[in-house]
Amino acid sequence: MRIKIAVLGVGGVGGYFGGRLAAAGHDVSFVARGQHLQALRRDGLTVESVAGDFALESVVATDDPAEIGEVDYVLLGVKTWQLDAAIASLRPLIGPRTAVVTTQNGVDAPQQVADRLGREAVLPGAVEVIAFLDGPGRVRHIGGPGKLTLGEWDNRPSERVERLREALQGSGLTAVLPADIWVALWSKFLALGSFGAIATVANAPYGVLRSRPGTRQLLVDSMNEIKQVAKATGVELPIDAIDNTLAFLDGLPAEGTTSLQRDINAGKPSELEAWTGAVVRIGQETGTPTPLNNLLYELASARSQAG
Ligand SMILES: NC(=O)c1ccc[n+]([C@@H]2O[C@H](COP(=O)([O-])OP(=O)(O)OC[C@H]3O[C@@H](n4cnc5c(N)ncnc54)[C@H](OP(=O)(O)O)[C@@H]3O)[C@@H](O)[C@H]2O)c1
């Protein structure tokens, strides 16, 4: 069944997922800005992808959500530090049954949407893809399955989740409905939350950090803290969560880096507050000690501030 979806933030994630849905015939509107918006309006969207290139000669693109009106779904494709402004602009897209799907790394985004629109409006999600904007109107997907893991806030089965799953699957994407979306989000966070700050502070790629016994142990220690913070929020991660995360990291390209270290190295705004910053903050809120993450947060913040 055709879905009506607005993609707010048309970068690596929004461009790739929204592009595939549009190519499959769904009613997709893109909310973008600047030169990227101009290019989308003039030339459409071009996607170069390891799963097959495609081009959409004409797309619906605007910087004003009021021009789109109510939709079935909103896919939030902005960075974590852009969320507040993006969420504040969502209102014209929202009807009584609209679902706002979060894709941001970290665990904060669903609550940020819920604070403005209520929990019923949110479908917490996590994406697995490696994609980026390669110039105005151009997206490159260079790896990862193009997978969205999503669920209702309380994990109940629902028609809207099932319909979105079908739409994604039918568009050449992968959709996963886990038994517990919070376990899925925190499990993903174990990898990024630990690796992002350590890699930033060391300024080293996956291959170096996972093969040195000392830095490998730091990764495990950081993950243990994150696991305890998750537990303090009521999310019990599986007993093998850390082993599975290490196995996942061992499978990544040795020269690979996280977006956090790339952004901080480039002197750009970064997602540090939503990654290690969130571990520290939620640790404080729940009385869970996070000494290693406190240290990493301070060092990474200082690097970020130094430019
Ligand atoms: N890319 C990946 O491979 C990947 C994989 C897994 C998870 N994620 C997560 O997914 C989230 C999105 O990442 P991304 O890499 O797709 O980001 P991105 O490429 O930087 O794309 C974000 C886009 O949103 C636009 N935007 C921001 N605020 C906007 C607003 N209010 N109105 C209209 N457009 C707005 C930005 O425009 P400007 O440039 O003008 O700011 C940019 O084009 C992040 O939390 C990231 O951690 C990404």
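Values as computed for the structure displayed
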{"quantity": "The range 25-71 - residue that is touching a helix residue (DSSP H, G or I) at 6+ places or on another chain (Cβ under 7 Å) and either in a helix (DSSP H, G or I) or of a type in the set (D, E) (or both) and, of those, farthest from the ligand (Cβ to nearest atom)", "calculated": "E70"}
{"quantity": "Residues located in the range 136-159, provided they are in contact (Cβ under 8 Å) with a residue 60 or more places away in the chain and surrounded by fewer than 17 Cβ atoms within 10 Å (Cβ to Cβ)", "calculated": "P136, I142, G143"}
{"quantity": "Only listed residue being in contact with a strand residue (DSSP E or B) (Cβ under 9 Å, 6 or more places away or on another chain) and either part of a helix (DSSP H, G or I) or surrounded by fewer than 20 Cβ atoms within 10 Å (Cβ to Cβ) (or both), chosen from P253, P289, P238", "calculated": "P253"}
{"quantity": "Residues that are over 16 Å from V235 (Cα atoms) and away from the ligand (no atom under 13 Å from the Cβ), drawn from the range 268-292", "calculated": "T276, G277, V280, R281, Q284, P289, T290, P291, L292"}
{"quantity": "Filtered residues of the range 79-107 (kept if buried (at least 22 other Cβ atoms within 10 Å of the Cβ), within 16 Å of A121 (Cβ to Cβ) and among the small types (G, A, S))", "calculated": "A99"}
{"quantity": "First in the range 31-47 and within 10 Å of V59 (Cβ to Cβ) and free of Cβ contacts under 8 Å to residues at least 60 places away in the same chain, second anywhere and more than 9 Å from the ligand (Cβ to nearest atom) and of a type outside the set (S, T, N, Q), Cβ under 6 Å, 6 or more apart", "calculated": "A32/L40; A32/A61; R41/A61"}
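Throughout, read-outs are computed from the coordinates displayed, never taken from laboratory work. Fair warning: this is a prediction, and the values are worked out from it, not measured in the lab. Cβ: placed from backbone, ideal geometry, glycine included. Neighbour counts: every protein chain shown.
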